[in-house]
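Read the figures in this text as sums done on the coordinates, not as results from a lab. Since the model is a prediction, treat every value here as computed from it, not as a measurement. No Cβ is skipped: glycine too gets one built from the backbone with ideal geometry, and neighbour counts run over all protein chains shown.
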Amino acid sequence: MKIHNFSAGPCILPQVVFDKMAEACINFNNSGTSILEISHRRKDAVEVIDTARALVKELMNVPESHDVIFMQGGASLQFPIIASNLLKEGGKAAYMQTGKWAENAIKEAKRFGEIDVIASSKDKNYTYIPKDYTIPTDADYFHCTSNNTIFGTQMKQFPNSPVPMVCDMSSDILSRKVDVSKFGVIYAGAQKNMGPAGSTMAIVQRDLLGKTGRNIPDYLNYATHIKNESSFNTWPVIAIYGVMLNLQWLKEQGGVDAIAKINTEKANTMYTEIDRNGLFTGTANVEDRSQMNATFVLNNEELKAEFEALLKQAGVDSLTGHRDVGGYRASMYNALPLESVQVLVEVMKQLEQKFG
Ligand code: PMP
């Protein structure tokens, strides 16, 4: 039976990525060696990471002023890295608090200096994106989260920040067009639209670095990774190979603009049904709804077992909501076909026919 994988991350990737990664585990590029047993400095491995970086630059139209690097430690390690690289000794940074990941970013940044939380939607369990806030001109940077994976909200536009803007794009990177030149740093754990888990991508504006007065450990210093072209230490060759394949797939689909259109169609299909079907309610503020993660609940909890049995029958997998929200979460990342959303919508309709 075909499985429709709505996992929030790690998540569905294109079949061609799985096929080529599997092949490379046995015989990488017909070299007679597995990709798991080769040096990250071997020529054909270096080509992989160079291609991956070049594809990010091309697909996101990254300006010359910015570098693309791959690191490890996930987006969670970027939280302290951002502050250690950009928050000056004795300085302060402004943060927007729109969910659990933003909370974690704030917690880590506080270890390095004064953090001004200039807007928060915690008062309503992060069901909306704050709009009315002012970014202080004396902050070293402004940090926001473009898509709140757990709560199903997404920033539809970015402010014109008077200070460098830093954005955690872990869960909507490459899903829509963004103007990279507006940002000082963009970062993302790979395991959604970039590729498999195991690497983290950062796009860093070079001239922001080296100004904090802080003695930053080498690995945590963006300058180290820029200088070493992401090969400062051993990087996960298989994971970056997956990223490269996934970016090649995206390019073949027509790039970010083309996938954005499909993502909009998927999200519209999903939210139209959530709003039409009397058995369900969306949990996020309508104007802030995420195109990547649609969060919703059953109005009558007594139908839970019935709904979940129908989901199982239809091959719908990993729809359970995060424990902080409950209910359901349909994650519709780039590789999820429209057909999977249509199958889910059909199940919701079936439930309504039986119990509505
Ligand atoms: N930020 C966002 C928006 C996320 O969705 C996640 C993980 N789902 C993280 C940060 C943390 O990422 P990681 O597990 O790579 O540390």
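Listed values, structure above:
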item	result
Segment 1-46, subset among the basic types (Lys, Arg) and touching a residue at least 24 places away in the same chain (Cβ under 8 Å), residue nearest to Glu339 (Cα to Cα)	Lys2
Test: residue in segment 245-263 that is in contact with a Leu (Cβ under 7 Å, 6 or more places away or on another chain) and without any contact (Cβ under 8 Å) to a residue 40 or more places away in the chain	no
Members of segment 265-299 that are within 25 Å of Lys354 (Cα to Cα), assigned to a loop (DSSP other than H, G, I, E, B) and in contact (Cβ under 8 Å) with a residue 40 or more places away in the chain	Asn277, Gly278, Leu279, Thr283
Residue within segment 320-338 that is farther than 19 Å from Ile173 by Cβ, assigned to a helix (DSSP H, G or I) and in contact (Cβ under 8 Å) with a residue 12 or more places away in the chain present	yes
Considering residues of segment 168-192 that are within 11 Å of the ligand (Cβ to nearest atom) and polar (S, T, N, Q) only, the residue nearest to Val16 (Cα to Cα)	Gln191
Positions within segment 83-107 being surrounded by fewer than 19 Cβ atoms within 10 Å (Cβ to Cβ) and either of a type in the set (D, E, K, R) or within 20 Å of the chain's Cα centre (by Cα) (or both), in sequence order	Lys88, Glu89, Lys92, Lys100, Glu103, Asn104, Lys107
Selection status of Thr98, within 16 Å of the ligand (Cβ to nearest atom) and polar (S, T, N, Q)	yes
Residues that are within 15 Å of the ligand (Cβ to nearest atom) and either hydrophobic (A, V, I, L, M, F, W, C) or within 20 Å of Ala260 (Cα to Cα) (or both), drawn from segment 193-212	Asn193, Met194, Gly195, Ala197, Met201, Ala202
Segment 1-57: number of residues that are more than 16 Å from the ligand (Cβ to nearest atom), under 25 Å from Leu319 (Cα atoms), touching an Asp or Glu at 6+ places or on another chain (Cβ under 7 Å) and not aliphatic (A, V, I, L, M)	1
Residue check for Lys349: charged (D, E, K, R) and under 29 Å from Pro14 (Cβ atoms)	yes
